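J.: A single structure is presented below for examination.
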C-alpha cells in the first residue's frame with residue numbers, strides 16, 4: 001500500500017487483513033543512500049579491483065543464496081510455494097517493470113540431495129527492487145514451506 005509517504009506496507013497474504021503477523025514494512029530509499037549507491041555502481045561499472053571483487057562476491061551470492069544475507073517468508077502450502085516459483089520466473093522474464101530485476105536463484109525441495117533439510121522447501125529470490133541494505137548489490141528473499149509433522 002503506497003500511502004503517498006516515505007513508508008510502504010504490504011500484506012504478505014493479500015486475502016488476510018491481519019497486520020500483526022501478515023505484514024512487510026518498507027521505506028523508500030533516501031537521497032543520501034541513492035547518491036552513495038549511484039557512486040558505488042559507477043565505480044563498479046568502471047572496472048578494476050572493485051569490479052572484480054564485486055563480481056566474485058555477487059556470483060557467490062547468486063550461486064549459494066542460502067549463505068547470503070536474506071530474510072524469509074513462510075508460505076502455508078507446498079502448492080503455493082511451487083506457484084510462487086512459476087509466478088516469479090514469469091515476472092522476471094515478462095513483466096515490463098520487473099523483467100531482469102527479479103529471478104529465482106535457487107530451489108531446494110526436501111527430497112533434493114542439496115536441500116538443507118528434509119523438513120522444508122526453500123526458494124531464494126534475487127531482486128534489486130527492494131533490499132535490507134544496498135540496492136546496488138541486490139537482495140535475496142527466502143520463501144519457504146515446512147513439511148507437516
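J.: Could you check region 101-114 and list, in sequence order, the residues that are surrounded by 16 or more Cβ atoms within 10 Å (Cβ to Cβ) and out of contact with any helix residue (DSSP H, G or I) (no Cβ under 8 Å at 6 or more places or on another chain)?
T.: Once the filter is applied, which keeps residues that are surrounded by 16 or more Cβ atoms within 10 Å (Cβ to Cβ) and out of contact with any helix residue (DSSP H, G or I) (no Cβ under 8 Å at 6 or more places or on another chain), region 101-114 yields 109, 110.
J.: For region 132-146, which positions are surrounded by fewer than 19 Cβ atoms within 10 Å (Cβ to Cβ), closer than 19 Å to residue 55 by Cα and in contact with a strand residue (DSSP E or B) (Cβ under 8 Å, 6 or more places away or on another chain)?
T.: Result: 133, single match.
J.: So, residue 98, is that one out of contact with any strand residue (DSSP E or B) (no Cβ under 6 Å at 6 or more places or on another chain), modelled with pLDDT under 90, buried (at least 16 other Cβ atoms within 10 Å of the Cβ) and outside any helix (DSSP H, G or I) or not? Steps first, answer last, please.
T.: Numbers: out of contact with any strand residue (DSSP E or B) (no Cβ under 6 Å at 6 or more places or on another chain): yes; modelled with pLDDT under 90: no; buried (at least 16 other Cβ atoms within 10 Å of the Cβ): yes; outside any helix (DSSP H, G or I): yes.
For residue 98, the condition - out of contact with any strand residue (DSSP E or B) (no Cβ under 6 Å at 6 or more places or on another chain), modelled with pLDDT under 90, buried (at least 16 other Cβ atoms within 10 Å of the Cβ) and outside any helix (DSSP H, G or I) - is not met.
J.: Please give the number of the condition residue 49 fails out of (1) under 25 Å from residue 136 (Cα atoms); (2) in contact with a strand residue (DSSP E or B) (Cβ under 6 Å, 6 or more places away or on another chain); (3) modelled with pLDDT of 80 or more; (4) exposed (fewer than 15 other Cβ atoms within 10 Å of the Cβ).
T.: In the conditions (1) under 25 Å from residue 136 (Cα atoms); (2) in contact with a strand residue (DSSP E or B) (Cβ under 6 Å, 6 or more places away or on another chain); (3) modelled with pLDDT of 80 or more; (4) exposed (fewer than 15 other Cβ atoms within 10 Å of the Cβ), residue 49 misses (2) alone.
J.: Name, by its number, the condition in (1) more than 16 Å from residue 128 (Cα to Cα); (2) surrounded by 15 or more Cβ atoms within 10 Å (Cβ to Cβ) that does not hold for residue 13.
T.: All conditions are met except number (2).
J.: Just checking, which of 10, 51, 26 is on the phi < 0 side of the Ramachandran plot and in a helix (DSSP H, G or I)?
T.: 51
J.: Could you grab the pairs with beta carbons closer than 9 Å, sequence gap of 6+ or different chains, first residue in region 73-92 and farther than 12 Å from residue 146 by Cβ, second one surrounded by fewer than 14 Cβ atoms within 10 Å (Cβ to Cβ)?
T.: Pairs found: 73/12; 73/24; 91/97; 91/99; 92/99; 92/100.
J.: Consider residue 118 carefully, then state whether it is touching a residue at least 12 places away in the same chain (Cβ under 8 Å) and surrounded by fewer than 16 Cβ atoms within 10 Å (Cβ to Cβ).
T.: yes
The values are calculated or read from the model by the stated rules, or taken from the named source; none is laboratory data. Since the structure is predicted, the reported quantities are computational estimates derived from the model, not experimental observations. All Cβ positions, even for glycine, are placed from backbone atoms using ideal geometry, and neighbour counts span all protein chains on display.
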